1. By the gyration tensor of its Cα atoms, with a ≥ b ≥ c the square roots of the eigenvalues, what is the shape of the range 90-187: rounded for a/c under 1.5, prolate for a/b over b/c, or oblate?
2. In the chain, how does Rg compare with the Kirkwood Rh, expressed as the Rg/Rh ratio over alpha carbon atoms?
3. Counting only protein heavy atoms, what percent of the accessible surface of the range 254-323 is carbon or sulfur at a 1.4 Å probe?
4. With respect to the cross-link table entries Lys108/Lys334; Lys58/Lys341; Lys108/Lys341, which display a Cα-Cα separation exceeding 29 Å?
5. For the charge dipole of the chain, defined by +1 on Lys and Arg C-beta atoms and -1 on Asp and Glu C-beta atoms about the Cα centroid, which residue among Ile59, Trp144, Asn301 has the Cα displaced farthest towards the positive pole?
6. For a quick check, take a GNM of the chain with Cα springs below 10 Å and name the residue from Gly74, Gly180, Gly290 with the largest mean-square fluctuation.
7. So for the range 263-357, averaging the separation of alpha carbon pairs under 8 Å that are six or more residues apart and normalising by length, what relative contact order in percent results?
8. Taking loop as defined by DSSP and a crowding limit of 13 other beta carbons within 10 Å, which GluC sites (Glu not before Pro) in the range 265-366 fit?
Amino acid sequence: MKFVVLIFAIIAVLATSSFAQQPAAPRRTEQRLVSPEVALGKVTFRFVAPKAQQVNVKISGRKDPVPMERDEHGVWSAMVEELAPEIYEYQFDVDGLGILDPSNAWVKSGLRPTWSMVEVPGHAAEFWVALDNPHGTVTIHTFWSKILEQTRSFRVYTPPGYDQQPDARFPVLYLLHGSGDTDDGWMVVGRANLIADNLLAMGKAKPMLIVMPNGTYGHAGGHENDFENELLGEIIPTVEKHYRVASGPTNRALAGLSMGGFQTLNVGLKHLDQFAWLGVFSAGVRDNAGETYGPFLNKANDQLSLFWIGVGEDDFLLPSEKALEELLNDHQVKFTAHISKGGHVWTNWRHYLHDFLPLLFQAPAK
């Protein structure tokens, strides 16, 4: 028995000695890279690229890219200060190649997702944020387009209390996105539903539906009128079949940004019997506009309740917008034009919608 005990003791000593000779497992000191890191008025961007020669961060609304500096671990970083409360799009320029922020899951939606997004909060809640007030509902409609012979979709915002008012009928704004976006653009990036919620909660706008179609089509020959045909022939009839909407042009508005602004002009001016409220954001007219729209503009004052135009002073489409103003003045059409700071960015378009919504459906068409 003593011999057996001695053997076990020797084995225990050897085992302890063997483990003692093993190197300790290294501690995991690695932490997830935080980018962007947001504080009031400033954002820190970070990106790992040990072999890169130069990295900048491009931010929507800023003319010049912001240089980033590399540390000994190959992490590039830059702190950008004095940023006004806003939702910004940004991307990293890595040796001339635009790259999404791999540490940020919030990506600007669209046909070509090449921009990440970050929100800089303010001391007070901004008009596009979700507040503690009643919220509307957004529904995605998927349908088979007989015109295009393919599946299409559009989104519908119904205001708070819509389901609790079975006898009420509501006016409709058909709100159009820009080139490169889809029918989720005004929701995900534009925050149209939250802007409407907050205006309604403050009593600054009339309850309305907001319909957000997909205005992107193939642009080969024969597709120029696809949006007009689909909107008038399929989307509006579908909306009026499934929702309690008020009929007639005085209860329909059409507005859009950039490409959607051009679509608004093309459809709205040609069909003033369908829309009494028009909003054109960052868009205008091109050559031969007088020939195209002149016959319709001659009777616009009798049919339009509002023609609202918004564009940034640095927008590359400012000359096009100025041409639109000149055309309207030539035909003595009443309109409201708002020239803001900034360029061709969502920052402006959110503000334009915020200014435009309270004006809608407040008076009958002339």
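The values are calculated or read from the model by the stated rules, or taken from the named source; none is laboratory data. Since this is a predicted model, take the numbers as computed values, not measurements. All Cβ positions, even for glycine, are placed from backbone atoms using ideal geometry, and neighbour counts span all protein chains on display. Accessible surface is based on the protein model in full, side chains and every heavy atom, while ligands, DNA and RNA are left aside. Shrake-Rupley method; radii C 1.70, N 1.55, O 1.52, S 1.80 Å.
1. oblate
2. Details: Rg = 28.1 Å, Rh = 23.5 Å.
My calculation of the ratio gives 1.19.
3. Within the range 254-323, the accessible surface is 47 percent carbon and sulfur.
4. Lys108/Lys334
5. Trp144
6. Gly74
7. Values: 139 pairs, mean separation 29.5, N = 95.
It comes to 31 percent, rounded to a whole number.
8. Here the sparse-neighbourhood loop sites are Glu313.
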